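> So that we are looking at the same thing, I have put the structure below in structure tokens.
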Amino acid sequence: MNVSVIGLGKLGAPLAAVLAAKGHHVTGVDVNRDFVRLLADGRAPVDEPGLQALIDAHRARISATTDFDAAIAASEASFVIVPTPSDTQGGFSNKYLLSAMNSIGQALRKKTGYHVVTITSTVMPGSTGGEIRRALEAASGREVGKTLGLCYNPEFVALGTVIRDMTYPDMILIGESDPRAGDVLEEIYRKVCANNPPFQRMNWVNAELTKISVNTFVTTRISYANMLSDMCERLAGADVDVVTHALGTDSRIGRKYLKGALGYGGPCFPRDNVAFAHLARSLGARADLAEATDRLNRHQIDRLAAAVLGLLNGGSRVGVLGLSYKPDTAVIEESQGVALAARLSEERREVYVHDPMALPGAMARLQDKVVPMSAAEECLAMVDVAVIATPWAQYASLPAAVFARNGTRLRVLDCWRILSRDIAAVADIHYIGSGRDDAPAKRVRAVS
Ligand SMILES: NC(=O)c1ccc[n+]([C@@H]2O[C@H](COP(=O)([O-])OP(=O)(O)OC[C@H]3O[C@@H](n4cnc5c(N)ncnc54)[C@H](O)[C@@H]3O)[C@@H](O)[C@H]2O)c1
């Protein structure tokens, strides 16, 4: 099918490539001329593992333009993936979506024939059937359900694994104006997904609520695991990994996202959780669970900073290894590593930082508050305490020798327990896995 993808950012560019890889002809559109030029030249506009290879292999089916008229005329369906930033009340702003609806609608006036517009950006429930529909109908002069289909179809992906997540999704969620519109989308995805996922087709508002409920359920699990971790650090003999492993074998619970470590970050989880609570309150429903999840998450950075300051014990030099909010991405939004580095600098500690991908972005944020190190080994050599804040695979494979030093004891706080067991055996390091009763600032008390 001929499709257009409006918005070529972290999600839109991979979607354009995945659609092309599965045989669709894709026209990418963005208001950012640089992104359009890059994609038109066969170069990935954003960093995402596997994206450049996919563009290289399927370039013949990908074009890019800033011209909405050309893109809409050349396609039968459009995916709109523009930002929906948080607004001042805690919900999401649709301003970029409304601008895109206006451009798409104007272009549709110059085209005959059926067209499906699909909103992929995360929106607050009520948006698709409310202001988005109104803007599209007004700009296009068409009525949704006749020659115009309107769907809400969010992606469930994580940065770093976007291409795999789009190819092997757990489900395809479609909120549809009518069966004809949903059928078009289902036809597109039947070709894209390699794992024959279930299609969940429903009205717009159910799909909108499902999207933010999925993220909020996951954040609740993360905060739950972090609460357990905090308890284990205070309970003689306890180890959060042992507890969560056993918990996860219960088929009612399952293993995913049940790791006591650091708070959740990134562009989606924190804000989706806040938006979910805001929605509950605005409907007059109780928001306690989402609010507690958010409060616990915000507390994680205090907990971490207190642990590190306790470990420093008079020393002043700290290394923060890992600044991206998760491995395999350069994104630092709401990253615990960046927040920790900033906090320790406020506490007047000398902070050395390293990250395999996120160093430039993090330095733009942290500026002269910290010292960037181009290699993890160099960072370790400079400090009294090292914190592994992001579980990058390359940190997990650091050899024990790089932690060794003469005379002083390097203390290593391994927040994700990824370092090899040999590290703990190096004579002059003090290895601490968080979430266990050997963790710092412990207030272990025997259970009487
Ligand atoms: N990044 C993620 O992990 C992720 C995951 C799930 C959902 N989402 C949602 O997807 C949406 C997009 O997120 P993203 O991370 O790809 O954002 P992004 O900022 O990386 O990319 C958005 C792109 O849209 C372009 N744009 C803005 N206004 C436009 C317009 N009127 N017409 C054409 N292009 C326009 C921007 O120039 C930018 O290139 C958001 O609603 C986000 O919540 C993101």
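The values are calculated or read from the model by the stated rules, or taken from the named source; none is laboratory data. Everything numeric here is computed off the predicted structure, so don't read it as measured data. Cβ sites come from the backbone with ideal geometry, for glycine too, and all protein chains shown count toward neighbours. These accessible areas exclude ligands, DNA and RNA; they are computed on the full protein's heavy atoms, side chains included. Shrake-Rupley method; radii C 1.70, N 1.55, O 1.52, S 1.80 Å.
> Once you put a point 7 Å from the Cα of Tyr114 and another 7 Å from the Cα of Glu137, both along the Cβ direction, what distance in nm separates them?
2.0
> Sticking with this one: Run lengths n ≥ 4 of DSSP H only: what is the helix-derived mean residue ellipticity at 222 nm for the chain, with -39500 (n - 2.57) per run over all residues, to the nearest 500?
Numbers: 17 runs with 188 residues, N = 448.
Helix contribution divided over all residues of the chain: -12500 deg cm²/dmol.
> Could I ask something else about it? Give, rounded to the nearest 20 debye, the magnitude of the charge dipole that the chain has about its Cα centre when Lys and Arg contribute +1 at Cβ and Asp and Glu contribute -1 at Cβ.
Values: 49 positive and 48 negative charges, 79 e Å.
Dipole magnitude for the chain comes out near 380 debye.
> Against the longest principal axis of the chain, how steep is helix 336-346, in degrees 0 to 90 to the nearest 10, with axes from Cα atoms?
50
> Now a separate question. Highest GNM mean-square fluctuation, the chain, Cα pairs closer than 10 Å: which of Gln394, Gln300, Gln336?
With Cα springs under 10 Å in the chain, the top fluctuation among Gln394, Gln300, Gln336 is at Gln394.
> Under 15 Å from the Cβ of Asp41, count the other residues' Cβ atoms, weight Lys and Arg +1, Asp and Glu -1, and hand me the total. Display every interim value, and only then the final one.
Details: positive: Arg33, Arg37, Arg43, Arg59; negative: Asp30, Asp34, Asp56.
Local charge sum for Asp41: +1.
> Taking GluC sites (Glu not before Pro) as candidate sites, keep only those in a DSSP loop with at most 14 other Cβ atoms within 10 Å, then name the longest stretch of the chain containing none of them.
Details: sites that count: Glu143, Glu347.
My reading of the result: 144-346 is the longest stretch.
> Among the aspartates and glutamates, which fall within straight-line cross-link reach of Lys10, defined as a Cα-Cα distance under 19 Å, with same-chain neighbours fewer than 8 residues apart omitted?
Asp30, Asp34, Asp41, Asp47, Glu48, Asp56, Glu155, Asp165, Asp272, Asp328, Glu333, Glu334
> Now for a separate question. Averaged per residue, what accessible surface does region 348-426 expose to a 1.4 Å probe, in Å²?
Values: 3780 Å² over 79 residues.
Heavy-atom SASA per residue in region 348-426 reads 48 Å².
> What number, in percent, do you get for the relative contact order of region 44-126 if the mean sequence gap of Cα pairs under 8 Å and at least 6 apart is divided by its residue count?
Working: 73 pairs, mean separation 28.6, N = 83.
Relative contact order for region 44-126 comes out at 34 percent.
> Within region 120-209, what whole-number % of the accessible surface is contributed by carbon and sulfur, with the 1.4 Å probe and all protein chains included in the calculation? Could the numbers behind the result be given before it?
Details: 1700 of 3540 Å².
Here it works out to 48 percent.
> Let me ask something else. What number comes out for the charge environment of Met171, summing +1 per Lys or Arg and -1 per Asp or Glu over other residues with Cβ under 13 Å away? All intermediate terms of the calculation are to be shown ahead of the outcome.
Details: positive: Arg201, Lys211; negative: Glu155, Asp165, Asp170, Glu186.
Taking every Cβ under 13 Å from that of Met171, the sum is -2.
> Here's another thing I want to ask about it. Which value, in Å², gives the accessible area per residue of region 34-193 when a 1.4 Å probe is used on the protein heavy atoms? Don't skip to the answer; put the middle values down first.
Numbers: 6520 Å² over 160 residues.
Per-residue value: 41 Å².
> What is the dipole size for region 136-280, taken about its Cα centre, with +1 at each Lys and Arg Cβ and -1 at each Asp and Glu Cβ, in debye to the nearest 20? Walk me through the intermediate numbers first.
On the way: 15 positive and 17 negative charges, 25 e Å.
It comes to approximately 120 debye.
> Right, another one. By how many nm would the segment from Val205 to Asp250 grow when fully extended, if each residue of separation counts as 0.36 nm and the alpha-carbon distance is taken off?
Values: separation 45, 0.36 × 45 = 16.20 nm, distance 3.22 nm.
My answer for the length gained is 13.0 nm.
> Let me ask you something else. In a Gaussian network model over the chain where Cα atoms closer than 10 Å are linked, find which of Gly90, Gly319, Gly141 has the largest mean-square fluctuation.
Gly141
> Counting only other residues whose beta carbon sits under 11 Å from that of Ile301, what net charge do I get with K and R as +1, D and E as -1?
Working: positive: Arg298, Arg303, Arg343; negative: Asp302, Glu334.
Net of charged neighbours comes to +1.
> Can you flag which of Lys191/Lys259; Lys191/Lys211; Lys22/Lys95 are past 27 Å Cα-Cα? Numbers along the way, then the final one.
Numbers: Lys191/Lys259 35 Å; Lys191/Lys211 23 Å; Lys22/Lys95 32 Å.
From the list (Lys191/Lys259; Lys191/Lys211; Lys22/Lys95), the Cα-Cα distance tops 27 Å for Lys191/Lys259; Lys22/Lys95.
> Still on this structure, please answer the following. Which order do you get for Tyr168, Tyr114 if you rank them by accessible area with a 1.4 Å probe, largest at the top? Each step should come with its number before you reach the end.
Working: Tyr168 130, Tyr114 45 Å².
From most accessible down to least: Tyr168, Tyr114.
> Follow-up. Where does each of Arg409, Arg417, Arg33 land when they are ordered by accessible area, with a 1.4 Å probe and the largest first? Could the numbers behind the result be given before it?
Values: Arg409 125, Arg417 30, Arg33 150 Å².
Putting Arg409, Arg417, Arg33 in descending order of accessible area: Arg33, Arg409, Arg417.
> Now for a different question. Summarise the accessible area of region 333-428 (1.4 Å probe, protein heavy atoms) by the percent that is carbon and sulfur. Walk me through the intermediate numbers first.
Details: 2210 of 4500 Å².
It is 49 percent, rounded to a whole number.
> Once you have the Cα-Cα distance between Met382 and Thr167, take 0.36 nm times their residue separation minus that, and quote the gain in nm to one decimal. Let's see the in-between values first.
Values: separation 215, 0.36 × 215 = 77.40 nm, distance 4.28 nm.
Gain on stretching Met382 to Thr167: 73.1 nm.
> Over the chain, what relative contact order in percent results from Cα pairs under 8 Å that are six or more residues apart?
Numbers: 953 pairs, mean separation 51.2, N = 448.
Over the chain, the number comes to 11 percent.
> While we're on this one: Could you name the lysines in cross-link range of Lys369, using Cα to Cα under 26 Å and dropping any fewer than eight places away on the same chain?
Lys326
> Picking from Ile418, Ala396, Ala246, whose Cα lies most toward the positive end of the charge dipole for the chain (charges on Cβ: Lys, Arg +1; Asp, Glu -1)?
Ala246
> May I ask you to compute the full-extension gain from Ala60 to Glu347, defined as 0.36 nm times their residue separation minus their alpha-carbon distance, rounded to one decimal in nm?
Result: 97.9 nm gained on full extension.
> Can you give me the P(r) profile for region 64-196? Cα pairs, bins 10 angstrom wide beginning at 0, each as a whole percent.
Reading the bins upward from 0: 12, 42, 36, 10.
> In terms of solvent-accessible area of protein heavy atoms at a 1.4 angstrom probe, what is the ranking of His58, His25, highest value first?
Details: His58 45, His25 95 Å².
Result, largest first: His25, His58.
> Report the residues of region 341-364 in range of a label on Thr408: point 7 Å along Cα→C-beta, backbone N strictly under 19 Å from it.
Correct set: 341, 344-354.
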